[in-house]
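Chemist: I'd like to ask some things about the structure below.
The values are calculated or read from the model by the stated rules, or taken from the named source; none is laboratory data. Everything numeric here is computed off the predicted structure, so don't read it as measured data. All Cβ positions, even for glycine, are placed from backbone atoms using ideal geometry, and neighbour counts span all protein chains on display. Only protein heavy atoms, including side chains, enter the accessible area calculation; ligands, DNA and RNA are left aside. Shrake-Rupley method; radii C 1.70, N 1.55, O 1.52, S 1.80 Å.
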Amino acid sequence: MDQRTGMVNPLLEVRQLAVAFGKSAEQYEVIRNVSFRVEAGRTLSIVGESGSGKSVTSLAILGLIRQAGGRVTQGEIIYSPSGGLLAQDLLKSDEQHLRTIRGSRIAMIFQEPMSSLNPVHTCGQQVAEALMLHKGLGRKAAMAEVVDVFRKVRLPDPEKLISRYPHELSGGQKQRVMIALAISCKPDLLIADEPTTALDVTVQASILELLRELQAETGMGMIFITHDLGVVKHIADDVLVMYRGNPVEQGKVDDVFNNPQHPYTRGLLACRPSINLEKPKLPVMSDFLDDVANPVEVMNSEKVLRSETQTRPQITQVDDAVFSVRELSVAYAGRKSSLFSPKPFFKAVDGISFDVYRGETLGLVGESGCGKTTLGRCMLGLVQAASGSIRFEGSDLLKMESKQIRDFRKRVQLVFQDPYSSLNPRLTVGQAILEPMEVHGLHGNDANRKKKLNWLLERVGLRPEWQHRYPHQFSGGQRQRICIARALAVDPAFLICDESVSALDVSVQAQVLNLLNELKSDLGLTYVFISHDMSVVRYMSDRIMVMNKGRIEEIGEARQVCDEPVSSYTKALIDAIPD
Amino acid sequence: MIRFFFSRLVSGLLVVAGVVVVVFLLFNVLPGDPARMVLGQRADLASVEVINRELGRDLPLASQFVLYVNDLSPVSVLNVVDSTSRVYADSGKYGSWLTVTYIGEHAVVLKYPFLRRSYQTRENVGAMLMDALPGTIVLSVSALLFAAIFGIGLGILSALYKGKVADRFILFLSVTGMSVPSFFAGILVAWLFGYVMNDWTGLEMTGSLTEIDPFDGSRYKWSNLILPTLTLGIRPLSVIVQLTRSSLLEVMAQDYIRTARAKGLSEWAVIFGHALQNALNPVLTAISGWFGSLLAGAVFIEYVFGWKGVGKLTVDALEMYDFPVVMGSVLMVSVFFVLINMAVDMLYARLDPRVKME
């Protein structure tokens, strides 16, 4: 009880929290004035894009901000434990006391299930460790408890799983192990930091379901951190929207969604392509907010906005197939089970036939491991096909001479997923874009190539004078623009975009998607757009091809595949999207 | 696991075979007349020819190589009847053997590798190496233990106090340790601890593991081990410090360390329960590499401290152009390298379950 007001304290109350990084002289605040409360049995969602300070907030609650290199400069974090114990300010507690709370009273799930588990310990050990620490159980008793918890998070075959290593599990299973770890000591508060971002959409749906059930069962409070507004609507009771370290809007989830007050929230809601709506062009953040993080991005997006014709490019000739793929199979060799048994093959792509028509965007969607990336690589000749044929403008890719292949490479280009790792950090942007032109000996001489470089940079919305900068000086969205410029350097007719916007924030994603569409109509390009995100594919594509386990589940007009899916797999995929 | 072991074994044997070829060619194209070295400069032509025939120098190079390999190989063909044959089963040369089967005059046998005889002493090279080996192994193992224990310990300290005075001091020491040449460090250490501070330390400047006592005969003198161990261990220690430090720092930034902390584990438990095992793989590689080269390369240290070991034996043999001894020690060292690398690969698989047994 709070003596002054006589009201029951919330489970956790954060008041005026500020966190700074860097040495005292040149310290910079990454969050400021953050205040919120979490009630038992309710879920607060903290929403924001990268750099908004949402993860920093959660680490500050756990008292782990020092290890991340930061420092709380101001504020209070009042934690009122269940069972009527005295409220306490976590920021004033010593490390020893915090350790009894961490993992026991307040537990956390992290974003990356792939890397959040220690690779050299078994899953059972890692969960048992927490139980032994906080509940004083012996090894045997702890392991027995782990089996129970694993069953509770619905991991298959828990008795066997406790002796498995993390790398032997799928991503969804690993996240379930993380959840088991977090709930093993029955915490009052669970902090989930982007727990489903790295997972497939159907897996995400099941994990969200599980979290909700666990909450209903235990009555724990939950802080759910995410950038995905669809997920928020699905799971949260209250929302806190953060933007560059500042809380900009706070309220009940329905109020915020139906009547967003702050322009940033409005922008965030609008930027995301939706599976149900068809917009000619995605709004970008600058439509809503004048003070966008990067003034450069604003300049571009505005330019894009003004020059945009409000119609989407239509397919001109449907019978003109650029690519025609027939009975294509790609197989990877597996491990032999014994010395004399034949080598097993895993068919990543299994007898696929389809056409890509000139001027269209073919969306390729499916969950991880469905073979969509392998198929994309194979169409570029980067992966050997086991059987079948790929015809590009009439000639068979699999039978091309090396000279023809070089010519083909000029016509078909790839835009990768991760703009951070697909640019050589030692090459300036100019060098990176000039390189493919030099390799193919385009445009006669250096002066012409430079001219082309300037044109390309301008075309993708970057300043030509930036060509001497290095990739690390650019933001994620700008880097993806550079990657696009590099792909366009050889005047291709065909672009394969492999998860090209998956690593980007929604507001940046919207800009890049708009850019891709604009380039397509201006330069007459044809796209194969590969993504796991049905909404993005729906927005981008004329036709959609759904893949599952190396086969085509469904192929057809975007509208028809999304609104009236024939295959049950497609239906499940669409149903799993939290909207 | 077994298949993994055999694949490593096969590639190891290939390496050894390659070394045999290179060693043989190298020492057979070098100038010098072995017969003269055996007999001295004043020997008559007839004796020289006898020796040349005994060494097989009158045969073409290819036949010499076949004979050499036959002598080396544990599985070989020996003539059991004709005592003038070049592969006559002479127990003076081959020691004891196990006959597998007879083919006419010849027998296929299992035997110890015969590394030929020293030009100088006419002693069996294998026996000479076996005599020197314990000294070298004791020295390198103790140097490596010293380096590993202190190196990993200091490396952890350094990582934990990153940027603090302790860290800077340890880094300074390790950079110094890496940059001092071992022959110089050897002389310095021997002079400082064995001569200047002799009253305090009671250590000798030179000496081997065994020494001859006029009354008791041969006996061990372990205190002689201290100074060479220290000298030999400095460089690996310095490298291990830096490797442990950087590898641990890298691991400490991993997501699973954050998970371990969020569990409420103490910093101590996080480091020793979660970080160290992940951080030690690169350190292990370095240690194994050093072990091989310590076995081979304790040459200077053994020389400076007068330590009886393979290194000293090799240097002495080189000075005398005693090629069989040099060839023998090179071969032995390469076999050691292969064995150590195999052991490390197996250890990797134990430390890190992700290392697939491909």
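Chemist: Would you please list the contacts, defined by Cβ atoms under 9 Å and residues six or more apart or on different chains, that run from a residue in region A:553-566 that is of a type in the set (Lys, Arg) to a residue that is part of a helix (DSSP H, G or I)?
Modeler: Listed pairs, sorted by first residue: A:Arg559/A:Arg538.
Chemist: In addition: Name the one entry in A:Ser55, A:Ser80 that is in the same structural domain as A:Thr226 (by TED's automatic domain parsing), within 17 Å of A:Ala107 (Cα to Cα) and modelled with pLDDT under 85.
Modeler: Checking each option against the conditions leaves just A:Ser55.
Chemist: Pull up region A:66-89, narrow it to residues that are on the phi > 0 side of the Ramachandran plot and over 32 Å from the mean Cα position of the chain (by Cα), then point me to the one that is farthest from the other protein chains (Cβ to nearest Cβ).
Modeler: Restricting to residues being on the phi > 0 side of the Ramachandran plot and over 32 Å from the mean Cα position of the chain (by Cα), the top hit is A:Gly84.
Chemist: So, in region A:151-167, of the ones that are touching a Cys at 6+ places or on another chain (Cβ under 8 Å) and in a helix (DSSP H, G or I), which residue ends up farthest from the other protein chains (Cβ to nearest Cβ)?
Modeler: A:Leu161
Each row is one residue, and each column tells you yes or no for (1) assigned to a helix (DSSP H, G or I); (2) touching a Ser or Thr at 6+ places or on another chain (Cβ under 9 Å).
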site	(1), (2)
B:Tyr256	yes, yes
B:Gly264	no, yes
B:Ile271	yes, no
B:Asn278	yes, yes
B:Gly289	yes, no
B:Leu294	yes, yes
B:Gly311	yes, yes
B:Thr314	yes, yes
B:Ala317	yes, yes
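Chemist: So if I check each of A:Arg486, A:Arg426, A:Arg449, which one is open to solvent by 30 Å² or more (accessible area, probe 1.4 Å) and either among the acidic types (Asp, Glu) or within 23 Å of A:Gly524 (Cα to Cα) (or both)?
Modeler: Selected residue: A:Arg486, the only one of A:Arg486, A:Arg426, A:Arg449 that is open to solvent by 30 Å² or more (accessible area, probe 1.4 Å) and either among the acidic types (Asp, Glu) or within 23 Å of A:Gly524 (Cα to Cα) (or both).
Chemist: Is at least one residue of region B:262-277 away from every other protein chain (no Cβ under 13 Å) and among the β-branched types (Val, Ile, Thr)?
Modeler: Checked against the condition, which is being away from every other protein chain (no Cβ under 13 Å) and among the β-branched types (Val, Ile, Thr), region B:262-277 yields no hits at all.
Chemist: Here's a follow-up. Hey, any hits in region A:489-501 for a residue that's within 23 Å of A:Pro273 (Cβ to Cβ), free of Cβ contacts under 8 Å to residues at least 40 places away in the same chain and buried (at least 21 other Cβ atoms within 10 Å of the Cβ)?
Modeler: yes
Chemist: OK, next. Out of all the residues in region A:90-99, is one or more away from every other protein chain (no Cβ under 14 Å), touching a strand residue (DSSP E or B) at 6+ places or on another chain (Cβ under 6 Å), within 18 Å of A:Leu11 (Cα to Cα) and surrounded by fewer than 16 Cβ atoms within 10 Å (Cβ to Cβ)?
Modeler: For region A:90-99, residues away from every other protein chain (no Cβ under 14 Å), touching a strand residue (DSSP E or B) at 6+ places or on another chain (Cβ under 6 Å), within 18 Å of A:Leu11 (Cα to Cα) and surrounded by fewer than 16 Cβ atoms within 10 Å (Cβ to Cβ): absent.
Chemist: Among A:Leu133, A:Leu169, which is the only one that is surrounded by 15 or more Cβ atoms within 10 Å (Cβ to Cβ) and under 18 Å from B:Arg261 (Cα atoms)?
Modeler: Exactly one residue qualifies, and that residue is A:Leu133.
Chemist: Among the residues of region B:250-265, are any over 24 Å from A:Ile191 (Cβ atoms), out of contact with any Phe, Trp or Tyr (no Cβ under 6 Å at 6 or more places or on another chain), open to solvent by less than 50 Å² (accessible area, probe 1.4 Å) and of a type in the set (Gly, Ala, Ser)?
Modeler: No, that holds for no residue.
Chemist: Restrict the check to region B:230-245 and report whether at least one residue is within 30 Å of A:Glu112 (Cβ to Cβ), among the hydrophobic types (A, V, I, L, M, F, W, C) and either away from every other protein chain (no Cβ under 14 Å) or crowded, with 19+ Cβ neighbours inside 10 Å (or both). Working first, answer last.
Modeler: In the first step, residues of region B:230-245 are kept if they are within 30 Å of A:Glu112 (Cβ to Cβ); the result is B:242-245.
Now restrict to residues that are among the hydrophobic types (A, V, I, L, M, F, W, C): B:243.
Applying the additional criterion that residues be either away from every other protein chain (no Cβ under 14 Å) or crowded, with 19+ Cβ neighbours inside 10 Å (or both) yields B:243.
The answer is yes; a qualifying residue exists.
Chemist: Please give the strands (runs of 3 or more DSSP E) falling wholly within region A:474-579 in which 2 or more residues are within 19 Å of the chain's Cα centre (by Cα).
Modeler: Fully inside region A:474-579 and qualifying: A:494-498, A:526-531.
Chemist: So A:Ala198 clears everything in (1) open to solvent by 50 Å² or more (accessible area, probe 1.4 Å); (2) among the small types (Gly, Ala, Ser); (3) assigned to a loop (DSSP other than H, G, I, E, B) except one condition, right? Which one?
Modeler: So A:Ala198 meets the others, but not (1).
Chemist: Being aliphatic (A, V, I, L, M) and within 14 Å of another protein chain (Cβ to nearest Cβ) is the filter; apply it to region B:304-358 and report the residue that is farthest from B:Leu203 (Cα to Cα). Explain how you work it out, then say what you get.
Modeler: Taking region B:304-358 first, the residues aliphatic (A, V, I, L, M) are B:304, B:310, B:313, B:315, B:317-318, B:320, B:325-327, B:330-333, B:335, B:338-340, B:342-344, B:346-347, B:349, B:351, B:355, B:357.
From the residues that got through so far, the ones that are within 14 Å of another protein chain (Cβ to nearest Cβ) too are B:347, B:349, B:351, B:355, B:357.
Details: B:Leu347: 37, B:Ala349: 42, B:Leu351: 39, B:Val355: 46, B:Met357: 48 Å.
The qualifying residue farthest from B:Leu203 (Cα to Cα) is B:Met357.
Chemist: If you don't mind, there's one more thing I want to ask. With respect to B:Ala296, is the statement that it is modelled with pLDDT under 85, over 30 Å from A:Arg66 (Cβ atoms) and open to solvent by less than 50 Å² (accessible area, probe 1.4 Å) true?
Modeler: Considered against the rule, which asks whether it is modelled with pLDDT under 85, over 30 Å from A:Arg66 (Cβ atoms) and open to solvent by less than 50 Å² (accessible area, probe 1.4 Å), B:Ala296 comes out as yes.
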